[in-house]
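Worksheet: one structure, shown below.
The values are calculated or read from the model by the stated rules, or taken from the named source; none is laboratory data. Because the structure is a prediction, the values reported are computed rather than measured. Note that we place each Cβ from the backbone using ideal geometry, even for glycine, and neighbour counts take in every protein chain shown. Just so you know, the surface numbers come from the protein's heavy atoms only, side chains and all, with ligands and any DNA or RNA stripped out. Shrake-Rupley method; radii C 1.70, N 1.55, O 1.52, S 1.80 Å.
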Amino acid sequence: MRARRSEKLSITVEDLPFRAVSVTRRGEALVFTTDVGDETEAGPDHLIRVETDPETGEPSPSVHVRADLWARIARPVFYELVEMAEVEDGRLTVQSGGVAFALGPVGAGVE
């Protein structure tokens, strides 16, 4: 009998595990597709968040996919969201699943 040797690899993810590579509007919902084919409908259970780098002011958008996993929204997809956005209280917002998601303030370079 031969002994088996197994090794475990440690993988470090520098950003987020997935990328949202497309967005489509289905009725009142925004549906994101990730680079692995997952579809996520933004809403109360799948939030869109936009964090801003304090040094550069650059937005870093993401969407919740499942469990504790998020997808980084690709730059062209974020620009599509900005095109769909409306101004609400000085912020660009998109609606999906009955929730308003802020993309950033008007005049912050995202419009």
(request) Would you rank Asp35, Asp53, Asp68, Asp45 by solvent-accessible area, highest first, keeping every protein chain in place and using a 1.4 Å probe? (result) Asp68, Asp45, Asp35, Asp53
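How far, in nm, would the chain grow between Glu28 and Asp15 when pulled straight, counting 0.36 nm per residue and subtracting the alpha carbon separation? The partial results should precede the final answer.
Details: separation 13, 0.36 × 13 = 4.68 nm, distance 2.95 nm.
In short, 1.7 nm is gained.
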(request) Find out how many positive minus negative residues lie around Ala29, taking Lys and Arg as positive, Asp and Glu as negative, among other residues whose Cβ is under 13 Å from that of Ala29. (result) -2
(request) Report in % the part of the accessible area of region 35-111 that belongs to carbon and sulfur, leaving out ligands and nucleic acids; probe 1.4 Å. (result) 47 percent
(message) Give me the one-decimal nm value for the distance between modelled label points at Glu58 and Asp45, 7 Å along each residue's Cα-to-Cβ direction.
(response) 3.4 nm
